[in-house]
Amino acid sequence: MRIAILSRNKHLYSTRRLIEAGEARGHEMHVLDPLRCYMNINAKEPEIHVRGKILPEFDAVIPRIGASITFYGTAVLRQFEMMGTYPLNESVAISRSRDKLRSLQLLSRKGIGLPVTGFASKPTDIPDLIDMVGGAPLVIKLLEGTQGIGVVLAETRKAAESVIEAFMGLNAHFMVQEYIKEAGGADLRCFVIGDKVIAAMKRQAKPGEFRSNLHRGGSATLVKLSPAERATAVKAAKTMGLNVAGVDILRSNHGPLVMEVNSSPGLEGIETATEKDVASQIITFIEKTAKQNRTRTKGRG
Ligand code: ADP
(Lines give C-alpha, C1' and ligand atoms only; values in the text may rest on other atoms or scores of the structure.)
Protein backbone atom coordinates (compact mmCIF):
# COMPACT_ATOMS: atom_id res chain seq x y z
CA MET A 1 0.00 0.00 0.00
CA ARG A 2 1.03 3.62 -0.42
CA ILE A 3 0.63 5.23 3.00
CA ALA A 4 1.03 8.91 3.91
CA ILE A 5 2.00 10.05 7.39
CA LEU A 6 0.88 13.61 8.09
CA SER A 7 3.64 14.82 10.37
CA ARG A 8 5.69 17.98 10.65
CA ASN A 9 8.94 16.14 11.26
CA LYS A 10 10.11 12.76 9.97
CA HIS A 11 12.70 12.52 12.74
CA LEU A 12 10.15 12.38 15.57
CA TYR A 13 10.14 9.00 17.34
CA SER A 14 6.52 8.16 16.48
CA THR A 15 6.93 9.12 12.83
CA ARG A 16 10.18 7.19 12.50
CA ARG A 17 8.66 4.07 14.05
CA LEU A 18 5.64 4.19 11.74
CA ILE A 19 7.93 4.50 8.68
CA GLU A 20 10.05 1.57 9.91
CA ALA A 21 7.05 -0.63 10.69
CA GLY A 22 5.33 0.20 7.38
CA GLU A 23 8.43 -0.44 5.29
CA ALA A 24 9.13 -3.70 7.15
CA ARG A 25 5.68 -4.87 6.07
CA GLY A 26 6.33 -3.93 2.45
CA HIS A 27 4.47 -0.63 2.22
CA GLU A 28 5.54 2.59 0.55
CA MET A 29 5.69 5.19 3.33
CA HIS A 30 5.67 8.95 2.67
CA VAL A 31 5.95 11.67 5.32
CA LEU A 32 4.06 14.84 4.41
CA ASP A 33 4.24 18.05 6.39
CA PRO A 34 0.58 19.13 6.59
CA LEU A 35 1.60 22.79 6.48
CA ARG A 36 3.33 22.17 3.12
CA CYS A 37 0.15 20.67 1.65
CA TYR A 38 -2.20 23.04 -0.11
CA MET A 39 -5.47 22.22 -1.69
CA ASN A 40 -7.56 22.60 -4.75
CA ILE A 41 -11.15 22.30 -3.59
CA ASN A 42 -13.40 21.66 -6.56
CA ALA A 43 -16.34 19.51 -7.51
CA LYS A 44 -14.68 17.26 -10.08
CA GLU A 45 -11.22 16.34 -8.92
CA PRO A 46 -10.12 17.37 -5.41
CA GLU A 47 -6.33 17.64 -5.25
CA ILE A 48 -3.53 18.16 -2.78
CA HIS A 49 -0.36 19.93 -3.92
CA VAL A 50 3.12 20.02 -2.37
CA ARG A 51 5.82 22.33 -3.77
CA GLY A 52 4.08 22.80 -7.10
CA LYS A 53 3.32 19.10 -7.64
CA ILE A 54 0.04 17.20 -7.39
CA LEU A 55 0.23 14.39 -4.85
CA PRO A 56 -0.36 10.87 -6.17
CA GLU A 57 -3.19 8.80 -4.72
CA PHE A 58 -2.66 7.21 -1.32
CA ASP A 59 -4.39 4.11 0.04
CA ALA A 60 -4.25 5.32 3.64
CA VAL A 61 -3.21 8.33 5.67
CA ILE A 62 -1.93 8.35 9.25
CA PRO A 63 -2.60 11.74 10.85
CA ARG A 64 -0.06 12.88 13.45
CA ILE A 65 -1.36 16.43 13.77
CA GLY A 66 -0.01 18.52 16.64
CA ALA A 67 -2.43 20.50 18.79
CA SER A 68 -1.03 23.82 17.55
CA ILE A 69 -1.97 23.09 13.93
CA THR A 70 -5.31 21.32 14.45
CA PHE A 71 -7.27 23.66 12.18
CA TYR A 72 -4.99 23.47 9.14
CA GLY A 73 -4.02 19.85 9.72
CA THR A 74 -7.59 18.56 9.90
CA ALA A 75 -8.44 20.53 6.74
CA VAL A 76 -5.64 18.69 4.89
CA LEU A 77 -6.80 15.36 6.32
CA ARG A 78 -10.37 16.12 5.21
CA GLN A 79 -9.08 16.70 1.70
CA PHE A 80 -7.54 13.20 1.73
CA GLU A 81 -10.91 11.86 2.88
CA MET A 82 -12.66 13.65 -0.02
CA MET A 83 -10.24 11.90 -2.36
CA GLY A 84 -11.22 8.51 -0.92
CA THR A 85 -8.02 7.91 1.07
CA TYR A 86 -8.59 5.83 4.21
CA PRO A 87 -7.75 7.87 7.33
CA LEU A 88 -6.50 5.99 10.40
CA ASN A 89 -8.43 8.56 12.46
CA GLU A 90 -11.02 10.72 10.75
CA SER A 91 -10.78 14.51 10.72
CA VAL A 92 -14.12 14.98 12.49
CA ALA A 93 -13.08 12.65 15.29
CA ILE A 94 -9.78 14.49 15.74
CA SER A 95 -11.51 17.89 15.89
CA ARG A 96 -14.01 16.50 18.39
CA SER A 97 -11.29 15.11 20.67
CA ARG A 98 -9.29 18.36 20.59
CA ASP A 99 -12.13 20.17 22.35
CA LYS A 100 -11.68 19.00 25.93
CA LEU A 101 -15.04 20.20 27.18
CA ARG A 102 -17.01 18.82 24.24
CA SER A 103 -15.22 15.50 24.67
CA LEU A 104 -16.27 15.26 28.32
CA GLN A 105 -19.86 16.11 27.36
CA LEU A 106 -19.90 13.34 24.74
CA LEU A 107 -18.33 10.82 27.14
CA SER A 108 -20.81 11.69 29.90
CA ARG A 109 -23.71 11.08 27.52
CA LYS A 110 -22.48 7.49 27.15
CA GLY A 111 -22.28 7.01 30.90
CA ILE A 112 -18.47 6.83 30.99
CA GLY A 113 -16.95 7.64 34.41
CA LEU A 114 -15.45 11.15 34.56
CA PRO A 115 -14.15 13.43 37.30
CA VAL A 116 -17.01 15.80 38.26
CA THR A 117 -16.39 18.84 36.05
CA GLY A 118 -17.79 22.38 36.06
CA PHE A 119 -17.69 25.18 33.51
CA ALA A 120 -18.79 28.78 34.01
CA SER A 121 -18.09 32.25 32.73
CA LYS A 122 -19.30 34.71 35.39
CA PRO A 123 -17.39 35.58 38.60
CA THR A 124 -20.69 35.59 40.51
CA ASP A 125 -21.00 31.85 39.81
CA ILE A 126 -17.61 30.96 41.32
CA PRO A 127 -18.84 29.90 44.81
CA ASP A 128 -21.42 27.51 43.35
CA LEU A 129 -18.96 26.25 40.74
CA ILE A 130 -16.54 25.30 43.52
CA ASP A 131 -19.31 23.62 45.53
CA MET A 132 -20.48 21.71 42.45
CA VAL A 133 -17.18 19.84 42.19
CA GLY A 134 -17.06 19.13 45.92
CA GLY A 135 -15.03 22.13 47.14
CA ALA A 136 -11.25 22.42 47.55
CA PRO A 137 -8.84 20.86 46.83
CA LEU A 138 -9.80 21.01 43.15
CA VAL A 139 -8.15 21.07 39.76
CA ILE A 140 -8.45 23.98 37.33
CA LYS A 141 -7.61 23.28 33.67
CA LEU A 142 -7.15 25.66 30.80
CA LEU A 143 -9.01 24.20 27.82
CA GLU A 144 -6.17 25.09 25.46
CA GLY A 145 -3.45 23.47 27.60
CA THR A 146 -1.44 20.35 26.68
CA GLN A 147 1.25 18.30 28.39
CA GLY A 148 0.08 19.41 31.81
CA ILE A 149 0.66 23.12 31.20
CA GLY A 150 -2.34 25.09 32.44
CA VAL A 151 -3.40 22.38 34.93
CA VAL A 152 -3.46 23.82 38.45
CA LEU A 153 -4.15 22.12 41.79
CA ALA A 154 -5.86 24.64 44.09
CA GLU A 155 -5.50 23.27 47.60
CA THR A 156 -7.76 25.74 49.37
CA ARG A 157 -11.03 27.45 48.51
CA LYS A 158 -9.26 30.86 48.65
CA ALA A 159 -6.61 29.70 46.16
CA ALA A 160 -9.30 28.26 43.87
CA GLU A 161 -11.27 31.53 43.90
CA SER A 162 -8.18 33.60 43.09
CA VAL A 163 -7.05 31.40 40.20
CA ILE A 164 -10.57 31.18 38.74
CA GLU A 165 -10.98 34.96 39.00
CA ALA A 166 -7.62 35.47 37.29
CA PHE A 167 -8.49 33.11 34.41
CA MET A 168 -11.91 34.76 34.00
CA GLY A 169 -10.22 38.19 34.00
CA LEU A 170 -7.99 37.03 31.14
CA ASN A 171 -11.01 35.67 29.24
CA ALA A 172 -9.36 32.23 29.23
CA HIS A 173 -11.56 29.15 28.87
CA PHE A 174 -11.06 26.65 31.66
CA MET A 175 -12.86 23.93 33.54
CA VAL A 176 -12.94 23.12 37.22
CA GLN A 177 -12.64 19.49 38.26
CA GLU A 178 -12.90 17.39 41.39
CA TYR A 179 -9.41 16.40 42.56
CA ILE A 180 -8.94 12.62 42.57
CA LYS A 181 -6.56 12.44 45.51
CA GLU A 182 -6.55 8.64 45.76
CA ALA A 183 -4.99 8.44 42.25
CA GLY A 184 -1.79 9.40 44.11
CA GLY A 185 -0.29 11.46 41.29
CA ALA A 186 -0.63 8.56 38.84
CA ASP A 187 -2.72 7.94 35.77
CA LEU A 188 -3.11 5.17 33.20
CA ARG A 189 -2.41 5.67 29.51
CA CYS A 190 -4.40 3.05 27.60
CA PHE A 191 -3.40 2.69 23.97
CA VAL A 192 -6.48 1.64 22.01
CA ILE A 193 -6.44 0.26 18.47
CA GLY A 194 -9.85 -0.68 17.07
CA ASP A 195 -11.77 -2.37 19.86
CA LYS A 196 -8.79 -3.41 22.00
CA VAL A 197 -6.38 -1.88 24.48
CA ILE A 198 -3.12 -3.16 22.97
CA ALA A 199 -0.76 -1.62 25.54
CA ALA A 200 -1.06 0.26 28.81
CA MET A 201 1.29 2.08 31.13
CA LYS A 202 1.04 3.72 34.50
CA ARG A 203 2.53 7.19 34.67
CA GLN A 204 3.64 8.38 38.10
CA ALA A 205 4.31 12.02 38.86
CA LYS A 206 7.66 12.93 40.36
CA PRO A 207 7.61 13.56 44.13
CA GLY A 208 5.81 16.79 45.07
CA GLU A 209 3.96 16.95 41.74
CA PHE A 210 0.40 15.79 41.03
CA ARG A 211 0.66 15.86 37.22
CA SER A 212 1.97 12.59 35.84
CA ASN A 213 2.82 13.85 32.33
CA LEU A 214 6.13 12.42 31.12
CA HIS A 215 6.98 15.95 29.89
CA ARG A 216 6.63 17.10 33.52
CA GLY A 217 9.14 14.54 34.78
CA GLY A 218 6.72 11.65 35.36
CA SER A 219 7.92 8.05 34.97
CA ALA A 220 6.18 5.21 33.16
CA THR A 221 5.86 1.51 33.96
CA LEU A 222 3.97 -1.43 32.54
CA VAL A 223 0.59 -1.94 34.22
CA LYS A 224 -2.09 -4.59 34.18
CA LEU A 225 -5.54 -3.13 33.63
CA SER A 226 -8.73 -4.36 35.24
CA PRO A 227 -11.54 -5.49 32.90
CA ALA A 228 -13.47 -2.33 33.85
CA GLU A 229 -10.50 -0.13 32.89
CA ARG A 230 -10.14 -1.89 29.55
CA ALA A 231 -13.83 -1.60 28.79
CA THR A 232 -13.87 2.08 29.75
CA ALA A 233 -10.88 2.90 27.50
CA VAL A 234 -12.38 1.11 24.50
CA LYS A 235 -15.78 2.71 25.01
CA ALA A 236 -14.20 6.18 25.33
CA ALA A 237 -12.27 5.78 22.05
CA LYS A 238 -15.40 4.51 20.31
CA THR A 239 -17.50 7.39 21.65
CA MET A 240 -15.03 9.86 20.15
CA GLY A 241 -15.04 7.91 16.86
CA LEU A 242 -11.29 7.25 17.04
CA ASN A 243 -9.73 4.03 15.72
CA VAL A 244 -6.47 4.79 17.48
CA ALA A 245 -6.49 6.68 20.77
CA GLY A 246 -4.56 7.24 23.96
CA VAL A 247 -7.15 7.19 26.73
CA ASP A 248 -5.99 8.71 30.02
CA ILE A 249 -7.68 7.26 33.09
CA LEU A 250 -7.50 8.07 36.81
CA ARG A 251 -7.95 5.22 39.30
CA SER A 252 -10.54 6.52 41.77
CA ASN A 253 -12.19 4.72 44.66
CA HIS A 254 -15.39 4.65 42.60
CA GLY A 255 -13.86 3.11 39.47
CA PRO A 256 -11.99 4.30 36.39
CA LEU A 257 -12.48 7.97 35.44
CA VAL A 258 -11.55 9.21 31.96
CA MET A 259 -9.60 12.47 31.88
CA GLU A 260 -8.85 12.77 28.22
CA VAL A 261 -8.91 10.94 24.89
CA ASN A 262 -5.87 11.74 22.77
CA SER A 263 -6.13 11.31 18.99
CA SER A 264 -2.36 11.35 18.28
CA PRO A 265 -0.92 9.34 21.17
CA GLY A 266 2.88 9.28 21.20
CA LEU A 267 4.64 5.94 20.68
CA GLU A 268 7.91 6.51 22.52
CA GLY A 269 6.64 6.36 26.12
CA ILE A 270 4.31 3.40 25.54
CA GLU A 271 6.74 1.33 23.44
CA THR A 272 9.54 1.90 25.95
CA ALA A 273 7.43 1.12 29.03
CA THR A 274 5.70 -1.95 27.58
CA GLU A 275 8.35 -3.19 25.11
CA LYS A 276 5.53 -3.70 22.62
CA ASP A 277 5.75 -2.98 18.91
CA VAL A 278 2.80 -0.56 18.81
CA ALA A 279 3.82 0.87 15.42
CA SER A 280 3.47 -2.52 13.69
CA GLN A 281 0.08 -3.05 15.29
CA ILE A 282 -1.07 0.27 13.81
CA ILE A 283 0.14 -0.79 10.37
CA THR A 284 -1.57 -4.21 10.56
CA PHE A 285 -4.77 -2.48 11.67
CA ILE A 286 -4.60 -0.29 8.54
CA GLU A 287 -4.01 -3.38 6.38
CA LYS A 288 -7.17 -4.94 7.80
CA THR A 289 -9.46 -1.92 7.68
CA ALA A 290 -8.26 0.25 4.77
CA LYS A 291 -9.08 -2.32 2.11
CA GLN A 292 -12.72 -2.16 3.05
CA ASN A 293 -12.60 1.63 2.57
CA ARG A 294 -14.47 2.21 5.77
CA THR A 295 -14.24 5.99 5.91
CA ARG A 296 -17.60 6.63 7.47
CA THR A 297 -18.02 10.35 7.11
CA LYS A 298 -15.85 11.29 4.10
CA GLY A 299 -15.23 14.61 5.86
CA ARG A 300 -18.88 15.29 6.63
CA GLY A 301 -19.24 17.08 9.94
P1 ADP B 1 -2.95 17.64 29.74
O2 ADP B 1 -3.92 17.31 28.67
O3 ADP B 1 -2.37 19.02 29.64
O4 ADP B 1 -1.93 16.55 29.95
P5 ADP B 1 -4.50 16.55 31.90
O6 ADP B 1 -5.92 16.89 32.06
O7 ADP B 1 -4.16 15.22 31.31
O8 ADP B 1 -3.77 17.72 31.08
O9 ADP B 1 -3.79 16.68 33.32
C10 ADP B 1 -2.40 16.52 33.53
C11 ADP B 1 -2.13 15.56 34.69
O12 ADP B 1 -2.65 16.08 35.92
C13 ADP B 1 -2.79 14.21 34.52
O14 ADP B 1 -1.99 13.32 33.79
C15 ADP B 1 -3.02 13.74 35.96
O16 ADP B 1 -1.86 13.10 36.46
C17 ADP B 1 -3.23 15.04 36.72
N18 ADP B 1 -4.67 15.32 36.87
C19 ADP B 1 -5.46 15.94 35.95
N20 ADP B 1 -6.73 16.04 36.38
C21 ADP B 1 -6.77 15.50 37.62
C22 ADP B 1 -7.82 15.33 38.60
N23 ADP B 1 -9.06 15.74 38.37
N24 ADP B 1 -7.48 14.71 39.76
C25 ADP B 1 -6.22 14.28 39.98
N26 ADP B 1 -5.20 14.44 39.12
C27 ADP B 1 -5.45 15.03 37.93
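Numbers below:
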| read-out | value |
| --- | --- |
| Net length gained if the chain between Val50 and Lys206 were fully extended (0.36 nm per residue, minus Cα distance) | 51.8 nm |
| Spatial separation of Cα centroids for the range 131-149 and the range 33-68, in angstrom | 37 |
| Overall form of the range 117-179 per C-alpha gyration tensor (a/c, 1.5; a/b vs b/c) | oblate |
| Residues of type aspartates and glutamates that Lys202 reaches as a straight line, Cα spacing below 19 Å, ignoring anything fewer than 8 places off in the same chain | Glu182, Asp187, Glu229, Asp248, Glu260, Glu268, Glu271, Glu275, Asp277 |
| Relative contact order for the chain, counting Cα pairs under 8 Å that sit 6 or more residues apart, in percent | 19 |
| C-alpha long axis of helix 13-24 to longest principal axis of the chain, angle in ° | 30 |
| Charge context of Ile130, other residues only, Cβ under 11 angstrom, K/R +1, D/E -1 | -3 |
| Hydrodynamic radius (Kirkwood) for the range 167-301, which is based on Cα pairs only, to one decimal in Å | 16.2 |
| At q = 0.12 Å⁻¹, base-10 log of I(q)/I(0) for the range 2-96 (Debye sum, equal scatterers on each alpha carbon) | -0.34 |
| Rg/Rg_ref, the chain, where Rg_ref = 2.2 N^0.38 Å and atoms are Cα | 1.05 |
| Extension gain from Glu57 to Arg2, taking 0.36 nm per residue of separation minus the Cα-Cα distance | 19.0 nm |
| Length-normalised contact order for the range 117-179 - Cα pairs under 8 Å, 6+ apart - percent | 46 |
| Whole-Å distance, taken between Cα centres, linking the range 76-116 and the range 222-272 | 15 |
| Percent carbon-and-sulfur accessible area, the chain, ignoring ligands, DNA and RNA, probe 1.4 Å | 51 |
| Arg25 paired with Asn171, simple spin-label distance in nm, labels 7 Å along Cα-to-beta-carbon | 4.7 |
| Extension gain, Arg102 back to Phe71 (0.36 nm per residue minus Cα-Cα distance, nm) | 9.5 nm |
| Pairs from Lys10/Lys224; Lys122/Lys238; Lys100/Lys238; Lys141/Lys196; Lys235/Lys288; Lys196/Lys224 whose Cα-Cα separation, in the structure shown, is over 25 Å | Lys10/Lys224; Lys122/Lys238; Lys141/Lys196 |
| Solvent-accessible area per residue for the chain (1.4 angstrom probe, square angstrom) | 49 |
| Charge dipole of the chain about the Cα centre (unit charges at C-beta), most positive-ward option of Ala60, Gln105, Thr239 | Ala60 |
| Nearby aspartates and glutamates by direct alpha-carbon distance to Lys53 (threshold 17 angstrom, same-chain neighbours under 8 apart not counted) | Asp33, Glu45 |
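The values are calculated or read from the model by the stated rules, or taken from the named source; none is laboratory data. From a predicted model like this one, the values you see are computed outputs, not experimental measurements. Note that we place each Cβ from the backbone using ideal geometry, even for glycine, and neighbour counts take in every protein chain shown. Note: accessible area is taken over every heavy atom of the protein model, side chains too, but ligands, DNA and RNA are not part of it. Shrake-Rupley method; radii C 1.70, N 1.55, O 1.52, S 1.80 Å.
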